[in-house]
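S.K.: Dropping the structure in here first, questions after.
The values are calculated or read from the model by the stated rules, or taken from the named source; none is laboratory data. Predicted model, so just to flag it, every value in this text is computed and none were measured. Cβ placement follows ideal geometry from the backbone for every residue including glycine, while neighbour counts extend to all protein chains displayed. The area values use the complete protein model at the heavy-atom level, side chains included, leaving out ligands, DNA and RNA. Shrake-Rupley method; radii C 1.70, N 1.55, O 1.52, S 1.80 Å.
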Protein chains: 2
Amino acid sequence: MAKVALVGATGAVGREMRRLLDTRDFPLDGEPVFLASERSAGTTLPWKDGEVEVRAISPEAFDGVDIALFSAGGARSREWGPIAAERGAVVVDNSSAFRMDEQVPLVVSEVNPDAARQRPKGIIANPNCTTMVLMVAAKPLHEAFALTDMVATSYQAAGGAGQSGIAELLAQTTELAENPELLRTDGAAAEAGVAAETFSKAIAFNVLAHCGSFTDARYTDEEWKLVNESRKILDLPALRVSPTCVRVPVVVGHAINARMSFADPVSREAALDALQQAPGLVIEDGVDAEGETLAYPTPLGSAGRDEVLVGRIREDLFDPHSLNLWVVGDNLLKGAALNAVQIAELVLDE
Amino acid sequence: MAKVALVGATGAVGREMRRLLDTRDFPLDGEPVFLASERSAGTTLPWKDGEVEVRAISPEAFDGVDIALFSAGGARSREWGPIAAERGAVVVDNSSAFRMDEQVPLVVSEVNPDAARQRPKGIIANPNCTTMVLMVAAKPLHEAFALTDMVATSYQAAGGAGQSGIAELLAQTTELAENPELLRTDGAAAEAGVAAETFSKAIAFNVLAHCGSFTDARYTDEEWKLVNESRKILDLPALRVSPTCVRVPVVVGHAINARMSFADPVSREAALDALQQAPGLVIEDGVDAEGETLAYPTPLGSAGRDEVLVGRIREDLFDPHSLNLWVVGDNLLKGAALNAVQIAELVLDE
């Protein structure tokens, strides 16, 4: 049994965390503690058949808390994570604040669960949503064939940017659908004509090669996460990742096309063998009744599902050491809230 | 001056061809001839301030025609293309019927215009929309650094599947937007709940790793086009392409992320130099007033534009011979109708 606190319980990920703590029958010691800024304190959030009051975050609020799940952005985590840990809670942090800290393990529950045990700061980091989904498929392939290179190209849902991302997509969609003719004759006018705040440009009926902020070498921080977090999670400091992160007009569900190259030669059959035995993974890559290969996962089809889905498993046409595959997962679940709760379960099992 | 016939004038590409013949002041000999099946014959289509009657296709209908633009699918092209050529017309064919025929040149007007002159069958093929857009950026980089490998991952608009693709996207969007909650809690139910005919699954609020039909080695024919057409257009029979074609919920505008590898080392600056001098290309890859790198092209922003747009030009993080770039173009214009009309202009200039 554990006393659990949630920091950021009202957000898109926090909402899933609340649901998962309930539906997974997490062995809670009493009701969960919902913590927020002074501004939200005093409001209530649904919990089982009732409501639980949101309390103002403070050092004392963490007294008696065994596990604190943080999903309220990097600044909140940097300020309050160490305080919560000092008060005795194991912090599972969904932000990027501590992910590359050498004293903080970065854990995907199916991939490197043992790493969660070494946490000198009392903090365990939850990986970036895109990297997380990809790692569930990359790990078994790495174990079988020794991963050396990865060209990773993403299709990331608006929901990856939280509730405001979803709201912005839906509002723009309604607005732009009223004049579909403009979408083909003068897209630049359509793009300029809608309000974009969460995203840098219109996301409805559009695709943005821009997730996060532009940083070193003209890659975005989201792209650098694919490089650095993959290396840390797989314990492969020399892994070469060529990342491109792209936002698509999807509510929930991230997809990644990964061209993976290995030290050993790889075949589709051997890859299927490795993937079939991996935990947390469902293969949707088959042949339908007419013999047409139509089974492949989609972001929309992944929404609300716990598993990572993998399909379009193809040997590279020219390189016997490379494989193309299509990996899909619910960015709010396995990509965020579910993995955080699974880490909490690992801690509880110790 | 040329007498021009249009086969498939009512389709999404045909509509753009009609507009371009008018707005580009193509030196037409009289009104264009609109040809269709018996079923559509007798209807009229707008032309300048008036209307032009659609005539039934027949061998005699091509008599006196100098250039016949075909955009009515492969079967129609296979049946009527050779007949039109026999009657003396130069056929510019937008279907895939003749693209890989060794006696038919495959031409992107800025990339290999001279190839259009050798046409022993009287037929010139217009490339696949995705390949076409990509080639405009690939050619100058190949000339500068010698292209050897390409990992090409696409974001293809629903409009690439014609009017019915656009209609299906818009109809599903309206339907699914009514219940956004389902899109995050049970996407599989949302996906199964809408009618999908043009696409194999719901395209609204979704992404489909499936364009065209599945064929050899579990790649789709659309993916094979990226391999085979790139090789033919660039005259690089040994080019290694690793293709993944994906449909996205965009009305018009294709995007491709390409990781290109070259025999010579490549830098961003040298790549910019090569791209800046290339015809038909606009570079959107800059820094905004706040110093943030925000200029990058989008599919929506490309809709209605003649040029191919390129951005996110990044040196690979680990391989000095590789480059990542983001290439975008209007699939109905440069990706189809515009290039066909440009080929017709090349023929006329001979």
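S.K.: Across the stretch B:152-166, in residue order, what do the Karplus-derived ³J(HN,Hα) couplings come to in whole Hz, using 6.51 cos²θ - 1.76 cosθ + 1.60 with θ = phi - 60° and x for Gly and Pro?
M.R.: 10, 10, 9, 10, 9, 5, 4, x, x, 9, x, 4, 5, x, 5
S.K.: Same structure, new question: What gaps in nm, shortest first, separate B:A167 from its twins in the other copies when you place the label 7 Å past Cα toward the beta carbon?
M.R.: Here B:A167 shows inter-copy label distances of 3.7 nm.
S.K.: What gaps in nm, shortest first, separate B:Q103 from its twins in the other copies when you place the label 7 Å past Cα toward the beta carbon?
M.R.: With the label placed 7 Å along Cα→Cβ, B:Q103 yields 7.7 nm.
S.K.: Could you tell me which of the pairs A:K225/B:K225; A:K3/A:K121; A:K225/B:K139; A:K334/B:K201; A:K225/A:K334; B:K201/B:K334 are separated by over 21 angstrom between their Cα atoms in the structure shown?
M.R.: Values: A:K225/B:K225 33 Å; A:K3/A:K121 19 Å; A:K225/B:K139 32 Å; A:K334/B:K201 23 Å; A:K225/A:K334 17 Å; B:K201/B:K334 27 Å.
In this structure, A:K225/B:K225; A:K225/B:K139; A:K334/B:K201; B:K201/B:K334 lie more than 21 Å apart at Cα.
S.K.: Let me ask you something else. Using a cut-off of 9 Å between beta-carbons, work out the net charge of the residues near A:Y296 (Lys and Arg +1, Asp and Glu -1, A:Y296 not included).
M.R.: Working: positive: A:R312, B:K201; negative: A:E284, A:D285.
Overall, the nearby charge balance is 0.
S.K.: If I take every Cα pair under 8 Å that is 6 or more residues apart in the stretch B:27-67, average their sequence separation and divide by the length, what percent do I get for the relative contact order? Working shown, then result.
M.R.: On the way: 45 pairs, mean separation 15.2, N = 41.
For the stretch B:27-67, the relative contact order is 37 percent.
S.K.: Next question, about the same structure. Looking at the stretch A:17-82, which GluC sites (Glu not before Pro) are DSSP coil and have at most 10 other C-beta atoms within 10 Å of their C-beta? Could you put the intermediate results ahead of the total?
M.R.: Working: sites: A:E38, A:E51, A:E53, A:E60, A:E79; in loops: A:E38.
Answer by residue number: A:E38.
S.K.: Round to a whole angstrom and tell me the spacing of the C-alpha centers of the stretch A:1-39 and the stretch B:302-326.
M.R.: Here the answer is 43 Å between Cα centres.
S.K.: At a threshold of 8 angstrom on Cα-Cα distance, excluding pairs fewer than six apart, so keeping six or more, what relative contact order does the stretch A:266-350 reach in percent? Walk me through the numbers before you get to the answer.
M.R.: On the way: 122 pairs, mean separation 21.6, N = 85.
Contact order relative to length: 25 percent.
S.K.: Separate question: Rounded if a/c is under 1.5, else prolate if a/b is larger than b/c, else oblate: which is the stretch A:205-350, with a ≥ b ≥ c the root eigenvalues of its Cα gyration tensor?
M.R.: Working: a/c = 1.24, a/b = 1.15, b/c = 1.08.
Rounded.
S.K.: May I have the convex hull volume per residue, in Å³, for the Cα set of the protein assembly as shown?
M.R.: Details: hull volume 110.2 nm³, N = 700.
So the per-residue hull volume is 157 Å³.
S.K.: Right, another one. Can you tally the net charge around B:A61? Count Lys and Arg as +1, Asp and Glu as -1, for every other residue whose Cβ sits under 9 Å from the Cβ of B:A61.
M.R.: Numbers: positive: B:R55, B:R87; negative: B:E60, B:D63.
Here the charged neighbours net out to 0.
S.K.: What does the charge add up to near B:G42, with Lys and Arg as +1, Asp and Glu as -1, over the other residues with Cβ less than 10 Å from its Cβ? Mind dumping the intermediate values first?
M.R.: Values: positive: B:R39, B:R55; negative: B:E38, B:E53.
Taking every Cβ under 10 Å from that of B:G42, the sum is 0.
S.K.: Given contacts defined as C-alpha pairs under 8 Å and at least six residues apart, what's the relative contact order of chain B, whole-number percent? Walk me through the numbers on the way to the answer.
M.R.: On the way: 784 pairs, mean separation 65.2, N = 350.
Reported relative contact order: 19 percent.
S.K.: May I pose another question? Copy-to-copy spacing for A:E345, label 7 Å out on the Cα-to-C-beta vector, in nm, shortest first?
M.R.: So the distances to the same position in the other copies read 6.2 nm.
S.K.: Another question, if that's okay. Using only DSSP helix segments of four residues or longer, with each worth -39500 (n - 2.57), what per-residue ellipticity at 222 nm results for chain A after dividing by its residue count and rounding to 500? Present the calculation step by step, with values, prior to reporting the outcome.
M.R.: Working: 10 runs with 109 residues, N = 350.
Using -39500 (n - 2.57) per qualifying helix, the result is -9500 deg cm²/dmol.
S.K.: With every protein chain present, what accessible area does B:T215 have (1.4 Å probe, heavy atoms only), rounded to the nearest 10 Å²?
M.R.: Around 60 Å² of this residue is reachable by solvent.
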